[in-house]
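Asker: Please see the structure below; I have some questions.
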Amino acid sequence: MIWWTLLTFLIGIIGLKSIKARVLLDDQPSIIIKDGKIQREVLKTNHLNLDDLSMMLREHAVFSIQEVHYAIFEPNGKLSILKKSDKQTVIKGDLGITTAPMPYLPSEIITDGKIVKKI
């Protein structure tokens, strides 16, 4: 168990010090969808099928590949998505709406049905 811990620690240090080692150990992100088109060869190299891709897209509230400009499969197994500009969510800054900053940090005053005394 000690050897395994030391090996894990050593690999972590090597990954921090060397870019080439980091790429070898952690791999690089892969572009799965580019300009709205699925890169089937990249899907194969990452051992993904269309059902897996659809599930990962739905986790980001994307139900059509037509909405996606780029989708990147990260080394940690998650999918990062950039929607097409006309499909992106509108935020207050896009509409020029100014909002006042929050004057305080929200906190819980009741937890598990009991009033929290210390703030």
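Asker: Along its three principal axes, how long is the chain when you only count alpha carbons? Whole Å, largest extent first please.
Answerer: Computed over the Cα atoms, the extents are 50, 50, 29 Å.
Asker: Still on this structure, please answer the following. Using alpha carbons only, what's the Rg to Rh ratio of the range 53-119 with Rh from Kirkwood? Don't skip to the answer; put the middle values down first.
Answerer: Values: Rg = 19.2 Å, Rh = 16.0 Å.
My calculation of the ratio gives 1.20.
Asker: Related question: Can you check what the net charge comes to around Ile33, using other residues whose Cβ is under 12 Å from the Cβ of Ile33 (Lys, Arg +1; Asp, Glu -1)? Can you show the working numbers first?
Answerer: Details: positive: Lys34, Lys37, Arg40, Lys83, Lys84; negative: Asp35, Glu67.
Cβ neighbours under 12 Å give a net charge of +3.
Asker: Roughly how big is the chain's charge dipole about its Cα centre, with Cβ charges of +1 (Lys, Arg) and -1 (Asp, Glu), in debye to the nearest 20?
Answerer: Values: 16 positive and 13 negative charges, 57 e Å.
Roughly 280 debye for the chain.
Asker: Hey, another quick one. Mind jotting down a quarter of the surface of the convex hull over the alpha carbons of the range 28-91, in square nanometres, one decimal?
Answerer: Details: hull surface 17.3 nm².
For the range 28-91, the mean projected area of the Cα convex hull comes to 4.3 nm².
Values in this text are rule-based calculations from the coordinates and carry no lab data. These figures come from a predicted structure and were not determined experimentally. Quick reminder, even Gly has a Cβ in these numbers, built from the backbone with ideal geometry, and neighbours come from all protein chains shown.
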